[in-house]
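Engineer: If you scroll down you'll find the structure; I have some questions about it.
The values are calculated or read from the model by the stated rules, or taken from the named source; none is laboratory data. The shown structure was predicted, so the numbers you read here are calculated from the model rather than taken from an experiment. As a convention, Cβ positions derive from the backbone with ideal geometry for all residues, glycine included, and neighbour counts pool all protein chains shown.
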Amino acid sequence: MNDPFDGELTGDTAILRVRVRELESENDKLRGILAKSDLDCIYCGLPKKDMGRCYFGFPGCGRADDLMLEANDGRKPEPAK
């Protein structure tokens, strides 16, 4: 993947680069937590129990991508129900 922050950076630019990566990581954690919650899907609106009926397909729905962020949130996977 191309990293828009590759190359030599100094001063404020380097600090901003670190901060952007921190925010991206935090965003990934929050997306993963939200995807695993019992709330309706933020992408298609279906309840968690109906994700398999998503119009976009599953894993085509964005919630599937968010569920794959599991490694980023530091929690163990939930057992299958």
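Engineer: Please determine, by comparing only the residues of region 18-37 that are of a type outside the set (D, E, K, R) and free of Cβ contacts under 8 Å to residues at least 24 places away in the same chain, which one is surrounded by the most Cβ atoms within 10 Å (Cβ to Cβ).
Structural biologist: Leu30
Engineer: Can you pull out every residue in region 10-49 that is assigned to a loop (DSSP other than H, G, I, E, B), polar (S, T, N, Q) and modelled with pLDDT under 90?
Structural biologist: Once the filter is applied, which keeps residues that are assigned to a loop (DSSP other than H, G, I, E, B), polar (S, T, N, Q) and modelled with pLDDT under 90, region 10-49 yields only Thr10.
Engineer: Moving on. I need a count of the residues in region 43-58 that are within 18 Å of Gly32 (Cβ to Cβ) and exposed (fewer than 14 other Cβ atoms within 10 Å of the Cβ).
Structural biologist: Residues meeting the conditions: 1.
Engineer: Separate question: For residues that are part of a loop (DSSP other than H, G, I, E, B) and buried (at least 17 other Cβ atoms within 10 Å of the Cβ), scanning just region 59-81, find the one that is modelled with the highest pLDDT.
Structural biologist: My answer is Cys61.
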